[in-house]
Each structure stands twice: as C-alpha cells, then as structure tokens.
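The values are calculated or read from the model by the stated rules, or taken from the named source; none is laboratory data. Here the structure is a predicted model, which means the values were calculated and not measured. Note: ideal-geometry Cβ built from the backbone for every residue, glycine included; neighbour counts use all protein chains shown. Just the protein is used for accessible areas: all its heavy atoms, side chains included, with ligands, DNA and RNA removed. Shrake-Rupley method; radii C 1.70, N 1.55, O 1.52, S 1.80 Å.
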Amino acid sequence: MAVASAPGKIIVLGEHAVVFGQPALALAINLRISCRVRPSKGFLLNGTSLSERTHPYIFSSVQRAWPGGPLDIETSSGFPTGSGMGSSAAVTVACLAALSSAVGKGMEEKDIASQAFEVESQVQGRASPIDTSVSTHGRGILVASKPGEGFLWHIQKDTREWFVHHCEVPQLSFVVGYTGINAPTGPLVAKVKRYSDHTTFARDIIKEIGQLTVEGVRRLRANDVQGLGELMTRDHKLLAILGVSHPRLDKLVQASLPYSYGAKMTGAGGGGSMIALTDSPEKVAQAIRMKGGTPFLVRTGEPGVRIDQG
Ligand code: PMV
C-alpha cells in the first residue's frame, strides 16, 4: 500500500497566456488531495470501477505509470473539484507519486511533474505545465520562456517549451472565492486558442498578460504588495476581455476590491474561483459570502507532493 498527497494552487498571474509560452506565477496552498493505492481484484476508484470516461486523470496516470496488477485507489480532497484550485493536477500528481512509491521507485520531482503534465495535456487536449509543476514542487513556481535563477526543469510539447523555476515568495494573505460553478479547463483553453488564431487583438492581450506577469514577479521580489495587487486586478480585466471570466467571478472580484490590494479570477475561469490579495481576510471572506461565493482563507508557499505512507 502507498499513500501520497499533493497541494492545490492559486495562479497569481499569467493563466491562459502561459499556454502560449508566456510566463506565469503560481503558489501552492494548504489544501491538499490525498491518494492511496493498494492491490485488489479489479481496478477500483473510490469503490467504483475505474473508467476512462469518468476518471480520466487517474485512468491515464495508471496507464502511464503502473506496470502491475489491479489496484484499489482511493482519493480524498480538501477542496472542491473543478474549483480552479488545481484539483485535477493535484489528484494526478498524488496518484503518480503513490504509484511510484508502490513500484518501489524513489520519487523524482522532475519525473512526476513531467508525467503529470503529459496526463493533463492528454485529458485536456492542451495544457501548460504550471498546475502540475506547482503541485509537485510546492511553494512558488515561475514558468518562463528562458532559464533563469531558481531553474528546476524544462518541459516541451510540440513547438512550445517552458522553463520551470522555484520562486521565493514572502508570506502573503490570499482569500479564494469559489463561485460554485465547475467549469472544465479544456474548452476554455480551446476558446482562447480560437480567439488568438483569429485576431491580433487577442494575441496582443496574451502578450500584455506576459509583460504584466514579469512586472508582477519584480514587484513581489521587492515586497511591493500594493503594486502586485494592482497588476492582479489589471490581469483580471484582460482575462475578461479574452472571454474566460464569468459574471459571478466579476461580482466576487468587485466585492473584494474595497478590502484588497487586488483581485482576479484564478485558473481557467468560466466559473471556478477568484483570489484576493489582502490584509483583511475576514472582511474579504464576508464580502464574498454576501455575494453568494464560498471563501477559503488559504496559506501559500506550502510543500509540494509527498509520500505519506510508503
Ligand atoms: O485548470 P485550472 O483551472 O487550474 O487552469 C489552468 C491554467 C490554464 O492556464 C488556464 C491552463 C493551463 O494548462 O495552463
């Protein structure tokens, strides 16, 4: 038997643009998904038969990383799936780590991150390595188009490539506001791709998100929380223009802004969650609740994947 767990994440700046090779910054949060695997008579997930259609991430992880016989797999999640907090990446990373431990291999972060990226790409059709890398490494991750300080690993797919870096981040206080709407990532990523294939306007917005992310990392390193917050709010506007926000996300962002340095949707959008960078988490949580959202006060910079029982 083996048990592993991996954290969810928030994307502070750069989602969607990162799929096109622009930089992005993500932080691991203190909400985790755990996965336990043990030998069994048939392939089971949480007591039901493991199927590609209903459990694509686990199915694909097992196909890639498990050479042995049938398994009974159990997962448990500390946060809602499809909420924009990286549940698919966290479940994939935790499952791959548990399988790696069960076959007696040590856990190489780079291998887990690259396999998990392949699983996400296969299931979603198109993906960047940001979610899977931050869930594997934990703490803070900067994905960039060139290697630099804190370089961890390089991931390539067709003509696109990403250089994943460790990013040292000061302790920041974020509130996540979940809209209650679960929106799958794949169709939203495909929507932005269509938009960018057809208009230079969309391509310019994607580039602007990239520039804003570079500036955001600079502000973060200078401990300029105010500046970082303003860039987050600007990023939200650009993502809304790309068509990946949702009226409920806009509402939660607006409600949080009076008590925050900045606020934006996080992850794929279309529902899911928003984040607010704030010194008044209770006030933001209350504002989110008043607008019908579910707040989560999260700690950032948390550890990545770990084997909880080998
Ligand atoms: O799956 P989510 O909601 O965490 O979004 C992932 C971030 C995207 O940039 C939209 C997609 C990707 O693979 O980078």
Selected residue (only one of GLY210, GLY177 is within 28 Å of GLY125 (Cα to Cα), touching a strand residue (DSSP E or B) at 6+ places or on another chain (Cβ under 7 Å), in contact (Cβ under 8 Å) with a residue 60 or more places away in the chain and not assigned by TED's automatic domain parsing to the domain that holds LEU31): GLY177
Inter-residue pairs, beta-carbon under 7 Å, first within 16 Å of the ligand (Cβ to nearest atom) and among the aromatic types (Phe, Trp, Tyr) and in region 103-128, second open to solvent by less than 60 Å² (accessible area, probe 1.4 Å) and assigned to a helix (DSSP H, G or I), 6+ apart: PHE117/THR132
Residue match in region 163-172 (condition: surrounded by fewer than 21 Cβ atoms within 10 Å (Cβ to Cβ), at pLDDT 90 or above and within 16 Å of the ligand (Cβ to nearest atom)): yes
Unmet criterion (only one of (1) surrounded by 14 or more Cβ atoms within 10 Å (Cβ to Cβ); (2) within 22 Å of ALA17 (Cβ to Cβ)) for ALA102: (2)
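Among ASP250, ASP204, ASP224, ASP308, which is more than 16 Å from the ligand (Cβ to nearest atom) and outside the structural domain of GLY180 (by TED's automatic domain parsing)? If you could, list the steps in order and put the result at the bottom.
Details: ASP250 fails: outside the structural domain of GLY180 (by TED's automatic domain parsing); ASP204 fails: outside the structural domain of GLY180 (by TED's automatic domain parsing); ASP224 fails: outside the structural domain of GLY180 (by TED's automatic domain parsing).
Exactly one residue qualifies, and that residue is ASP308.
Given the criteria of a type in the set (Gly, Ala, Ser), open to solvent by less than 50 Å² (accessible area, probe 1.4 Å), in contact (Cβ under 8 Å) with a residue 60 or more places away in the chain and over 22 Å from VAL189 (Cβ atoms), does SER51 qualify?
On the way: of a type in the set (Gly, Ala, Ser): yes; open to solvent by less than 50 Å² (accessible area, probe 1.4 Å): yes; in contact (Cβ under 8 Å) with a residue 60 or more places away in the chain: no; over 22 Å from VAL189 (Cβ atoms): yes.
Spelling it out, it is not the case that SER51 is of a type in the set (Gly, Ala, Ser), open to solvent by less than 50 Å² (accessible area, probe 1.4 Å), in contact (Cβ under 8 Å) with a residue 60 or more places away in the chain and over 22 Å from VAL189 (Cβ atoms).
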Residue list for region 175-218, filter: open to solvent by 10 Å² or more (accessible area, probe 1.4 Å), on the phi < 0 side of the Ramachandran plot and assigned to a loop (DSSP other than H, G, I, E, B): ILE181, ASN182, ALA183, PRO184, THR199
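Residue-by-condition table, conditions (1) outside any strand (DSSP E or B); (2) closer than 24 Å to GLN156 by Cβ:
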site: ILE11; (1), (2): no, yes
site: VAL19; (1), (2): yes, yes
site: ILE29; (1), (2): no, no
site: ILE33; (1), (2): no, no
site: TYR57; (1), (2): yes, yes
site: GLY69; (1), (2): yes, no
site: ILE73; (1), (2): no, no
site: ALA89; (1), (2): yes, yes
